[in-house]
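Below: one structure, written as structure tokens.
The values are calculated or read from the model by the stated rules, or taken from the named source; none is laboratory data. In this text, all values refer to a predicted model and were calculated from it rather than measured experimentally. Heavy atoms of the whole protein, side chains included, go into the accessibility calculation; ligands, DNA and RNA do not. Shrake-Rupley method; radii C 1.70, N 1.55, O 1.52, S 1.80 Å.
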Amino acid sequence: MNAKRSFPRDLLTAWAVMTALALTPAALTGAGPAGAEAGAEASATTLVFDKNPDDPTDSTLSVHRGGRLRAAYRAGSGLGVQDDCARAKGWIPDGDWRIRAGTRTYDGNLIKGYAVHLQDMPCSRGTMTRTEMFIHSETNRDGSEGTSEARRWDGPGDYESNGCVKLNPTDIKELFRLLDHIGWPTHLRVVP
């Protein structure tokens, strides 16, 4: 083919490729270099734990992406005690909890398997700091169901925790799959 005749077609092809690259999902949401601030906010994944004051073990953990509800799970926190300063029995304090890490194979003394480790945070009165807080369930380290009470999910009574946000094993596995797909949040927002 004649080089002079292919020039307009090559130019048109280059323009089409550049236009397609400019209209990628990141560019459409503003998440590219030019609109990183606004786009990141609009398309961020957010976890929200909404406390149920009538029954702290029947609260809700929801997942939002770009302002849209993506999933909601029954969750519990505490042993039915609404005092967030009651160590090892009160529910999780309100606020924005930074997420330290998420793992499917956590191997702590009490918590094993799927776990989202949260930052330490003072309780509402500032009389103590809540430490070793997680979103977790009752499983073995590999995520399988165990035979002892601490590793076996028996029903609604298992939503009780020492203050962590607790999901049933099926829901926490689904939560991890969803977050792997849509993106992990940096914080858990806890609201009354």
Mind listing P(r) for the range 40-94? All alpha-carbon pairs, 5 Å bins, whole percents. 5, 22, 22, 18, 14, 11, 7, 1
Give the dimensionless ratio obtained when the Cα radius of gyration of the range 66-142 is divided by 2.2 N^0.38 Å. 1.18
Spherically averaged projected area of the range 54-192 from its Cα convex hull (nm²): 7.8 nm²
For the range 185-190, 3J(HN,Hα) per residue [Karplus equation, 6.51 cos²θ - 1.76 cosθ + 1.60, θ = phi - 60°, Hz, x = Gly/Pro]: x, 9, 9, 10, 9, 9
Taking all protein chains in place and a 1.4 Å probe, what share, in percent, of the accessible surface of the range 152-192 do carbon and sulfur account for? 50 percent
